[in-house]
Amino acid sequence: MICPHCEKSLLRKERPGNVCGKCGRRYALDPKTNAMGLHDLRVRRIVLRLTQDGQVPCTPGQLWYALSRTSLRNTRVETGCAAVLAIAGVVAGLLGLGQGSVAFAALGGVALLAASSFVVAKVKGVGRGRPRLARDAFRAGPLEEWKRVYGSLPAGVVDDSGYPRPPSPADGVVLVCPDRSVAVFLDAAGLTARHGLTLTAGPAAPGRGPVLVLHDADADGLLLPHRVRTALPGRRVVDIGLPLGSVHGRDRAVPVRGGRPGADVMKALETTGEFSGEQLTWLAGGWGFPLVGVPPARLLAAVSRAVERAGAQAAPQGRRAAALGFMTWPEEGP
């Protein structure tokens, strides 16, 4: 690996205890000793990309997804094992045939069967979508080690250990966002101060103003707007995504696979009539796409547009403009 301080190439034996053998300085992450294969230079490079060279903030949750994206796309099946087993199986089988040994022939058959199982698992994508390190483990592991070495999170990354404190209830726009990491990002990017926006994890929302619902594109997330409407009868509630159709089946959208949703959740999703059979099957398998996977600048722009539209619609001038056809509002649900 390359030392993040002196930028010299280091062999494994030249960096004992995460200390560069050439400049003597300590670094945080060694790709050979952490589950995600991270090193300091890669983390800094990804942070610069997420923040667009410091123009927007990012959070540990967003960093976790960006660093996990490649491994989420790949399976956990090592084809090298299949090759070794296949070669061993062929050799054992030939020896068995040549020597008339049933034991060698049987051993060869078992090895070939095991090799074929690896191939089948690879084709079926076993392990795809499963992160090598969960979000909480990423915070407690690599990020804590980073803080021990450098004294703080990587430059540009804001702490998301607590949900932003909501202001006093008002009649302005309320944004329901259960993902703490995304809520912290929106707050740190100035969205709450700029628009007088109230952030809440929901589904109960303070005040009397319009309510926007921002959620993951997974089974529980897609049900959240319906739950918010049930909790807030009479309030204007608008689902602003993440829409399932924008990520399901898209090559560039790398999903995450978690636990399978309960039968009651799937029944409720089916009852809405909003999703195809293929989408429901996908969701039932525990698949989904998290908000932290949306590039921060793109997420901020989309949410800003929705908040601006909601604020204008709530104001008297906005209502007059809407009546004249200058604005549109997403169709309300039941």
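When the residues of region 1-60 are filtered to those that are among the polar types (S, T, N, Q) and in a loop (DSSP other than H, G, I, E, B), the one that is surrounded by the most Cβ atoms within 10 Å (Cβ to Cβ) is Thr59. From the list Leu72, Leu112, Leu63, Leu67, the lone residue that is part of a helix (DSSP H, G or I) and either open to solvent by 50 Å² or more (accessible area, probe 1.4 Å) or at pLDDT below 90 (or both) is Leu112. So which residues in region 235-252 are modelled with pLDDT of 90 or more and part of a loop (DSSP other than H, G, I, E, B), if there are any at all? If the condition is that a residue be modelled with pLDDT of 90 or more and part of a loop (DSSP other than H, G, I, E, B), then Arg235, Arg236, Ile240, Leu242, Pro243, Val247, His248 are the ones that fit. Out of the residues in region 157-175 that are among the charged types (D, E, K, R), in contact (Cβ under 8 Å) with a residue 12 or more places away in the chain and over 19 Å from Arg236 (Cβ atoms), which is least open to solvent (accessible area, probe 1.4 Å)? It comes out as Asp160.
Hey, could you check region 203-228 for residues that are of a type in the set (D, E, K, R) and crowded, with 21+ Cβ neighbours inside 10 Å and say which is nearest to Gly162 (Cα to Cα)? The extreme case among them is Asp216. Considering region 209-234, the residues that are among the acidic types (Asp, Glu) and in a loop (DSSP other than H, G, I, E, B) include one that is farthest from Thr271 (Cα to Cα), namely Asp216.
All conditions in (1) within 13 Å of Thr59 (Cα to Cα); (2) touching a Lys or Arg at 6+ places or on another chain (Cβ under 7 Å) hold for Asp187, with the sole exception of (2). For Ala219, the requirement of being among the hydrophobic types (A, V, I, L, M, F, W, C) and touching a helix residue (DSSP H, G or I) at 6+ places or on another chain (Cβ under 9 Å) is met.
Please verify whether region 91-98 includes one or more residues that are more than 28 Å from the chain's Cα centre (by Cα), more than 23 Å from Leu133 (Cβ to Cβ) and modelled with pLDDT of 95 or more. Within region 91-98 (the criterion being more than 28 Å from the chain's Cα centre (by Cα), more than 23 Å from Leu133 (Cβ to Cβ) and modelled with pLDDT of 95 or more), the answer is no, since none of the residues qualifies.
Counting only residues that are surrounded by fewer than 18 Cβ atoms within 10 Å (Cβ to Cβ) and either assigned to a loop (DSSP other than H, G, I, E, B) or at pLDDT below 95 (or both), region 259-270 holds 3 of them.
Residue check: Pro154 meets all listed conditions (1) open to solvent by 10 Å² or more (accessible area, probe 1.4 Å); (2) over 26 Å from Glu308 (Cα atoms); (3) under 23 Å from the mean Cα position of the chain (by Cα) but one, namely (1).
Could you tell me whether region 188-202 includes any residue that is of a type outside the set (A, V, I, L, M), open to solvent by less than 10 Å² (accessible area, probe 1.4 Å), at pLDDT below 90 and within 15 Å of Ala231 (Cα to Cα)? No, there is no match, as no residue in region 188-202 is of a type outside the set (A, V, I, L, M), open to solvent by less than 10 Å² (accessible area, probe 1.4 Å), at pLDDT below 90 and within 15 Å of Ala231 (Cα to Cα). In region 176-190, the residues that are among the hydroxyl-bearing types (Ser, Thr, Tyr) reach residues that are open to solvent by less than 10 Å² (accessible area, probe 1.4 Å) with C-beta atoms within less than 6 angstrom, at least six apart or across chains, in these pairs: Ser181/Thr59; Ser181/Gly61; Ser181/Asp160; Ser181/Val292. Just for region 275-315: of the residues that are surrounded by 17 or more Cβ atoms within 10 Å (Cβ to Cβ) and not in a helix (DSSP H, G or I), which one is farthest from the chain's Cα centre (by Cα)? Here the residue is Phe275.
The values are calculated or read from the model by the stated rules, or taken from the named source; none is laboratory data. This is a predicted model, so every value here is computed, not measured. Reconstructed Cβ throughout: ideal geometry from the backbone, glycine too, with neighbour counts over all protein chains shown. Accessible surface is based on the protein model in full, side chains and every heavy atom, while ligands, DNA and RNA are left aside. Shrake-Rupley method; radii C 1.70, N 1.55, O 1.52, S 1.80 Å.
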